[in-house]
Amino acid sequence: MTFIIAIDGPAAAGKGTLSRKIAEVYGFHHLDTGLTYRATAKALLDAGKPLDDEAIAEETALHLDLAGLDRSVLSRHEVGEAASKVAVMPAVRRALVTAQRAFSLREPGTVLDGRDIGTVVCPEAPVKLYVTASPEIRARRRYDEIVAGGGNADYEAIFADVKKRDERDMGRSDSPLKPAEDAHLLDTSEMSIEAAFQAAKAIIDAALKK
């Protein structure tokens, strides 16, 4: 039996860092599902194909290799902008959700993080976590991350972008961002990554004993 851990939450809440740590400690496979949308968009950009043709985008998504997702490349701003256009296409979402579900069945276990894992992709997952933090805290984290990497950042612009992204993710008609009814809420506003991990570990260990 495969053990699935579904982790959802808004941008910069810490779910990616937490997911990678959980996967590493438990020896599970990890998938950042947001990267699958970014990879689809990058494939379209690389091939010089339009970003507004749903049939072409779906075909690209259907042939995506989940093993070759490079976070550093896919995290670029222009890829994110393109991904936001293809991510709203129902046919693309269906294709990628099918691929994500197939990934979730890898043994001995998987950790998937994204926006709709507990509600749409893996609603039967024995552990569902909803990781969140205040918009102010999330914007500050993103600002600090950019500055630490040697970049220039405008906190107010990042804060506005975080709020805009929340509205888009929570307001979309197809698979909106929201906690699953049986998800455990982890508010990381005042938590270190280690404290968040220990809270998640207690939940996971209890589920593994069942």
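The values are calculated or read from the model by the stated rules, or taken from the named source; none is laboratory data. In this text the structure is predicted, and so the values were computed from the model without any measurement. Every residue, glycine among them, receives a Cβ derived from its backbone with ideal geometry; neighbour counts consider all protein chains shown. Surface accessibility is based on the protein's heavy atoms, side chains included, excluding ligands, DNA and RNA. Shrake-Rupley method; radii C 1.70, N 1.55, O 1.52, S 1.80 Å.
See the values below:
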item: Counted charge near TYR155, where neighbours are those whose Cβ lies closer than 10 Å (Asp, Glu -1; Lys, Arg +1); result: -2
item: Dimensionless Rg ratio for the range 91-210, taking C-alpha atoms and the 2.2 N^0.38 Å reference; result: 1.21
item: Accessible area of the chain belonging to carbon and sulfur atoms, whole % at 1.4 Å probe; result: 52
item: Long-range HN-HN contacts of PHE3 with modeled amide H, under 5 Å; result: GLY109, THR110
item: Estimated FRET transfer efficiency (SER134, SER75; beta-carbon r; R0 22 Å; 0.05); result: 0.45
item: Mean Cβ count within 10 Å, highest first, over the residues of peptides 104-114, 65-75, 191-201; result: 104-114, 191-201, 65-75
item: Dimensionless Rg ratio for the range 124-182, taking C-alpha atoms and the 2.2 N^0.38 Å reference; result: 1.39
item: Solvent-accessible area of HIS77 with every protein chain in place, 1.4 Å probe, in Å² to the nearest 10; result: 140
item: Average accessible area per residue (Å²) across the range 56-210 - probe 1.4 Å, nucleic acids and ligands excluded; result: 55
item: Karplus-derived HN-Hα couplings along the range 28-36 (A = 6.51, B = -1.76, C = 1.60, θ = phi - 60°), whole Hz, x at Gly and Pro; result: 9, 6, 10, 9, 8, 5, x, 5, 5
item: Which of VAL162, PHE197, ALA133, positive extreme of dipole for the range 128-210 (C-beta unit charges); result: PHE197
item: Sequence-distant residues sharing a close amide H with HIS30 (under 5 Å, placed H); result: VAL111
item: Spatial separation of Cα centroids for the range 92-121 and the range 122-184, in angstrom; result: 19
item: Heavy-atom SASA rank of GLU81, GLU167 (probe 1.4 Å, accessible area, largest first); result: GLU167, GLU81
item: Tensor-based shape of the range 37-156 (alpha-carbon gyration tensor, a/c under 1.5 rounded, otherwise prolate or oblate); result: oblate
item: Simple Cβ-charge dipole of the chain, Lys/Arg +1 and Asp/Glu -1, about Cα centre, in debye nearest 20; result: 320
item: log10 of Debye I(q)/I(0), alpha-carbon scatterers only, for the chain at 0.10, 0.11, 0.12 Å⁻¹; result: -0.42, -0.51, -0.61
item: Sum of side-chain charges, HIS29 neighbourhood, beta-carbon under 10 Å (Lys, Arg +1; Asp, Glu -1); result: 0
item: Which listed pairs, of LYS178/LYS201; LYS163/LYS201; LYS21/LYS42; LYS164/LYS201; LYS85/LYS201; LYS49/LYS163, have C-alpha distances above 24 Å, in listed order; result: LYS163/LYS201; LYS21/LYS42; LYS164/LYS201; LYS85/LYS201; LYS49/LYS163
